[in-house]
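Here's the structure we're looking at; comments come further down.
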Amino acid sequence: MRFDRSLKIAPSILSANFAELGAECRAIEDQGCDWVHLDVMDGHFVPNITFGPPVVKALRPHVRTVMDVHLMIAPVDPYISAFADAGADVITVHAEAGPHLDRTLQAVRAAGCRTGVALNPATPASAIVHVLDRIDLVCVMTVNPGFGGQSFISAMLPKIAELRSMIGDRPIHIEVDGGITPETAPDAFAAGADVLVAGSAVFKGGTAAQPTVYGENIAALRTSVEAGRRAAE
Ligand code: DX5
Ligand code: ZN
């Protein structure tokens, strides 16, 4: 996994057809996504349940790019090795999910994975200031986690910008997760995000058997960001 700040589109398979997840992962990669985002929910930290390590492991052979695993679970420490063994490249934990974030991040690195920290909308950017050297990615939640298809909370844009300046030259990705569409993507990128997670905006209208729709949806996100960048010049 090489580091750069170029735009990366990471479809969330939360919006995919769960009966065909392997084919869905192959379809979005064939259609030009950069990373694949897997949302793990426990019905405790968030009010929804998705899947755990066995499904992540089963999907590993179907993902050639970066497997970006977003853990919305508490406690998280007892499950880190299972997700690492399942083949996660990035393991993102929530700053709010436990009392010992520094220890959790050390455990993720010890398990051989890149570390991510997700911040709920009410959590300030300063939550990561003392663990910057332990993280490879910060994920700014632009919805309250638990469900796809919610509206982007634009009050998070100053938080993205604050993190961007806090990070400076450190090789830390800024990911945004929730409500990303061609309307909201340009602002998130302009504020400093480089990884855009998008569930409904990528999967809407397509199927693994009709994958070109995914390609069009991914291209629409890229085009919107590019247009926003040109307009700002
Ligand atoms: C929210 C998840 C997101 C979500 C994004 O709890 O972490 O990854 O699936 O979905 P959209 O893009 O539809 O808001
Ligand atoms: Zn997510």
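Table for the structure above
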| item | result |
| --- | --- |
| Contact order relative to length of the chain, as percent, for alpha carbon pairs under 8 angstrom and 6 or more apart | 20 |
| Where ASP30, ASP177, ASP77 fall by accessible area, highest first, once all protein chains stay in place (1.4 Å) | ASP30, ASP77, ASP177 |
| Cα gyration tensor shape of the stretch 8-232, rounded if a/c is under 1.5, else prolate or oblate by comparing a/b with b/c | oblate |
| Sequence-distant lysines (8 or more away, or on other chains) whose Cα lies within less than 24 Å of LYS204 | LYS8 |
| Accessible surface, 1.4 Å probe, highest first, among residues LYS159, LYS57 | LYS57, LYS159 |
| Ranked order, GLU216, GLU183 - accessible area, probe 1.4 Å, largest first | GLU183, GLU216 |
| Relative contact order (percent, whole number), the stretch 86-187, Cα cutoff 8 Å, 6+ residue spacing | 25 |
| Estimated FRET transfer efficiency (ALA74, ARG170; beta-carbon r; R0 41 Å; 0.05) | 0.90 |
| For LEU59, net neighbour charge (Lys/Arg +1, Asp/Glu -1) across residues whose Cβ lies under 13 Å away | -2 |
| Rounded Å value of the spacing that divides the Cα centres of the stretch 164-179 and the stretch 204-228 | 24 |
| Three-way shape label, the stretch 70-130, alpha-carbon gyration tensor, a/c 1.5 | prolate |
| Average accessible surface area per residue within the chain, 1.4 Å rolling probe, Å² | 42 |
| Helix-derived mean residue ellipticity, 222 nm - over the chain, DSSP H n ≥ 4, -39500 (n - 2.57), to 500 | -9500 deg cm²/dmol |
| Accessible surface of the chain, 1.4 Å probe, proportion on carbon and sulfur as whole % | 53 |
| At R0 = 25 Å, FRET efficiency that the Cβ-Cβ distance of HIS62 and ALA127 yields, to 0.05 | 0.15 |
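The values are calculated or read from the model by the stated rules, or taken from the named source; none is laboratory data. This one's a predicted model, so the numbers in the text were calculated from it and none came from an experiment. Using ideal geometry, Cβ is built from the backbone for each residue, glycine included, and neighbour counts are taken over all protein chains shown. Just so you know, the surface numbers come from the protein's heavy atoms only, side chains and all, with ligands and any DNA or RNA stripped out. Shrake-Rupley method; radii C 1.70, N 1.55, O 1.52, S 1.80 Å.
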